[in-house]
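Below you'll find the structure, written out as structure tokens, and then a few comments.
The values are calculated or read from the model by the stated rules, or taken from the named source; none is laboratory data. This one's a predicted model, so the numbers in the text were calculated from it and none came from an experiment. FYI the Cβ positions are ideal-geometry reconstructions off the backbone, even for glycines, and counts take in every protein chain you see. Accessible surface areas use protein heavy atoms only, side chains included; no ligands, DNA or RNA. Shrake-Rupley method; radii C 1.70, N 1.55, O 1.52, S 1.80 Å.
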Amino acid sequence: MKDNIRLLITFGFIVILALMFASTAISVSQLNYIKESMVTLVEVTGDKTAAANDLRDAIRLRMDSLKNMRLKEGRLDRDNEYQRFINHSGKYRRARESLVSLGVGQEETAIHEHLQQLIEDVQSISDEAATLLISNAPDEQVEPVLEKVGMLQKLLLERLNELIRLEQENTKKALASSRSHYSNTRNFLFLLTAVSLLFSALFMRTVIKRVSAKNQQLAYQGSHDTLTGLINRREFEQRVERTITHARAQSATHALLYLDLDQFKIVNDTCGHAAGDVLLQQLAQILLGSVRHRDTLSRLGGDEFGMLLENCPLDKAVVIANNLLSAIENYQFNWDESSYTLGISIGVVPINRSTTDIGSTMSAADSACYIAKESGRNRIQIAHLGDRRLQERHGEMQWVARLNRALEKNQFALYFQPILPCYNKSTQVRHLEILIRLIDDDGAVIVPANFFPAAEKYNLMTSIDRWVIERSLAWLAEHSHTHGSLVTIAISLSGQSISSPDMHKFVINKIGETGVSPEQLIFELTEAAAIKNITAATSFMLSLRGSGFRFALNNFGSGLSSFSYLKKLPVDFLKIDGMNIRDILSDPVDYAMVKSINELGQLLGKETIASNVETVELAEELRKLGVNYMQGHAYGRPQPLNNFIHFQGPRLVVVSS
């Protein structure tokens, strides 16, 4: 469409420019033609008139010379007059030749032919008269000849006068023709200008019409979803905002419904995106058929829809929502001889005078829909002020925004906690666990327990893990040897990261960029994440172990299936869960569990790490049990990673008494 409009505008401007150029060219051409015609006409007419006048003057002078020769008495005087006669005759011939050379028209031809005959006769008689006069012939012999000369010259003058009058008439005709030609040219130019203006008007009308249609199309596309034809999220939110303003000004009651399809992903993944698109189109028509004419239905994105019910109290909105549930329940989607039933979760939010803004309204509707989905799907959840679940959902969404901002503005910070051996070892290796903290806008340090649940629920853990890996390797590249010891770091990975298809490539690329040895890096996976994603976890660990990376199973002992899965996981370390470590001095069950985990780990060739070691007594008991490493506040609290070069923690935590 855009290319057609550009082509039309280009063609139109070319035509307009061509018409303007044609008008200008014709105007200049015609004006030059008229000018040249007038110049030629004036010159030729003037030359012809001048030649005719010269010829007439020469005839008169010749006649005067003949008369003077008759009156002269002396021979010498007559000879002089005869000489003047001859001179006048030369002027006469030149004038005649000039007149003939200028050319003659059809009307002038007859006059010229008669003039030619008269000129020859006059020339002959004049010469005869001059001869008689110069020879002093008697009057009775000269008189008849002079009379004949006078008669012929009179006739010749009349014809010359007639020729002059004809030239004047021709001049008048040429002027009239020029005026007519000028008038025709002017009229033609007026016509061409009118055509140009008409074409320009039609062209502008067409362009305006096309552009208006294009603008309408763009406006429609900007406010509607291309797949379903429903209004899009931006337009829907604008209408909701206007409705909120109306509710606050007029004390009216409206309702907002947030709809999320259940089982849509199954259809989309099983049958393909084409089937998903058809399903969305059919559902849009079903939803439209289940609401009032004045209600607004929008596709908010993906499989989410929004519905604005204007002038609709809450109880009526619930009835409409139940009708939507029934309509979707009764609908069956058929594709390639397969049938699918779907459900829909609906969050309902009343809009009234107490509604503050669109942001909180949409957030409340989204949260209510999410709660409906978590509560079993295919149900309605009304957003009530003070609802605990809504507040929790709202808090999670706030964490999502804060975490995204922290990733964008680099508001995370790396901390470390030392992992120390339980016995004196000659090895010169310092082990650290890398921890992450969120630095709030006011400088407060926030521990992961506050924001990890939201990050895990909304799939932000992979981004956070990548941030930690990238910054940790960059730091380790600069501090791989500190105080003469090789530094080894342990980084925790989430279940989302080990299931990410490109995490392996990311780690290898960062190792290549920083030059860090893979032997200096240990990845920790929680027992729950590893067991939940046992296939992905095993594949991830095996793919990196071949490059020299090592792995630790974190929080071991917190799950119910730990021992049965331990043989399948290619880990190098078992990190015993701190909840089991904490009470081994007073709880025989915890003591037995820690002892059995350590013995099983040693039997499988895995080193054990005790976490959350808080006292020296606890550390001594762990040493007796044969645990390899310990980590806890008693011998090293988490602190900023930049402080590590100044850290002079104990090389041995416990010295046997």
Filtering the range 249-266 down to residues that are of a type in the set (D, E, K, R) and part of a helix (DSSP H, G or I) yields K265
Note on the range 319-372: residues more than 11 Å from L257 (Cα to Cα), out of contact with any helix residue (DSSP H, G or I) (no Cβ under 9 Å at 6 or more places or on another chain) and surrounded by 20 or more Cβ atoms within 10 Å (Cβ to Cβ) are A372
Filter the range 267-290 for residues that are in a helix (DSSP H, G or I) and among the polar types (S, T, N, Q) and give the result. N268, T270, Q281, Q282, Q285
Tell me, yes or no, whether the range 626-635 has at least one residue that is modelled with pLDDT of 90 or more, open to solvent by 50 Å² or more (accessible area, probe 1.4 Å) and over 19 Å from E524 (Cα atoms). no
Answer yes or no: is there a residue in the range 498-508 that is among the small types (G, A, S) and farther than 26 Å from A455 by Cα. no
Anything in the range 216-233 that is outside any loop (DSSP other than H, G, I, E, B) and surrounded by 12 or more Cβ atoms within 10 Å (Cβ to Cβ)? List them, or say none. L218, Y220, S223, H224, I231, R233
Scan the range 164-172 and tell me whether some residue there is more than 30 Å from M63 (Cβ to Cβ) and either charged (D, E, K, R) or in contact (Cβ under 8 Å) with a residue 40 or more places away in the chain (or both). yes
With respect to L283, determine if the residue is open to solvent by less than 40 Å² (accessible area, probe 1.4 Å) and within 39 Å of the chain's Cα centre (by Cα). yes
With the checklist (1) under 30 Å from N136 (Cβ atoms); (2) surrounded by 17 or more Cβ atoms within 10 Å (Cβ to Cβ); (3) at pLDDT 70 or above in hand, flag the one item R78 doesn't pass. (3)
Given A372, A317, which one is modelled with pLDDT under 90 and part of a helix (DSSP H, G or I)? A372
